[in-house]
1. Keeping every protein chain present and rolling a 1.4 Å probe, give me the accessible area per residue for the chain in Å².
2. Mean projection of the alpha-carbon convex hull of the chain over all orientations, in nm²?
3. For segment 130-251, build the convex hull from the C-alpha positions and give me its volume per residue in Å³.
4. Take each complete run of DSSP H in the chain, measure how far its Cα atoms stretch along the helix's own axis, and keep only those covering 18 Å or more with mean Kyte-Doolittle hydropathy at least -1.0; list them.
5. Quick one: how many lysine pairs does the chain have with C-alpha atoms less than 23 Å apart and a gap of 8 or more or different chains? Give me the count, please.
6. Considering only protein heavy atoms and a 1.4 Å probe, what is the carbon-and-sulfur percentage of the accessible area of the chain?
7. How large is the dipole of the chain about the Cα centre if only Lys and Arg carry +1 and Asp and Glu carry -1, each at its Cβ, rounded to the nearest 20 debye?
8. If the elastic network links every pair of Cα atoms under 10 Å, which of Pro98, Pro153, Pro220 fluctuates the most in the Gaussian network model of the chain?
Amino acid sequence: MSSVVESLFSMRIYGINPVLEGLRAGRVTAIRIAARGDDRFTQLLRLAEDKGITITRVTPGELVRLPRGAAHQGVVAEARLGEHHSVEDLIVHAKGVPLIVVLDGIEDPHNVGAILRTVDAAGADGVVRQSRRAARLDGAAAKASAGAVAHVPVAEVVNIARALETLKDAGVWTVGLDGDAPTRYDDVDFTLPTALVVGAEGAGLRRLVRERCDWLVSIPRLGHVQSLNVSVATGIALFEALRQRARKPVR
């Protein structure tokens, strides 16, 4: 029973950057390593030792089985999940005027990880996602995030449409990315408190979610491909928000 309970509050991460960031965030509880000798690996081991983390040396064959054959770069770690956050927490603890990303139906761990990496790079205040049918935040998502999963607050909710109502009630404007929307993404005012709402590739935003967005915007495409990768589209919109906020300082 105890091992089942423990698994609910822990995750397995692998790769040098994810484990380094997990160590810096105080999430890592144990590390397994195989022989490797470059500078980043040495830095990782030194940091783990400084923090008193248990380090177990294993053979490359043993290590490769832990992340089910994924590219582990010589290190696999057990880590604690971050503290629970609510939608209200992301608003209250925003560093300035809130800038939040809402994931509607995005289940691919590589896209989730890439979005977390972009949210961290853009200095946004966190991510809202549905707890049901959601990609785990360890493994491939943690690797794709380059360690950002250890730093970005994530609020898990039962219903995305209801979460949008919570955001709107708190004075946060909801901006949905929709490839067919007539309004350009750079025509909305991102200096306002904003939640950027993005949907899964192919399916896009679900109807109830679309209907609850204050604005629907699109990113112009000039080539032959009809859509952008969702993590790329998220990055374009987030850095447009940064551009606007840098030109018109928010108060």
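The values are calculated or read from the model by the stated rules, or taken from the named source; none is laboratory data. Keep in mind it's a predicted model, so treat the numbers as computed, not measured. Positions of Cβ are backbone-derived with ideal geometry, glycine not excepted, and every protein chain shown enters the neighbour counts. Accessible surface is based on the protein model in full, side chains and every heavy atom, while ligands, DNA and RNA are left aside. Shrake-Rupley method; radii C 1.70, N 1.55, O 1.52, S 1.80 Å.
1. 51
2. That works out to 15.6 nm².
3. Once divided by residue count, the hull of segment 130-251 is 137 Å³.
4. Length and hydropathy pass: 109-122, 230-247.
5. 4
6. 51
7. Computed charge dipole of the chain: roughly 400 debye.
8. Pro220
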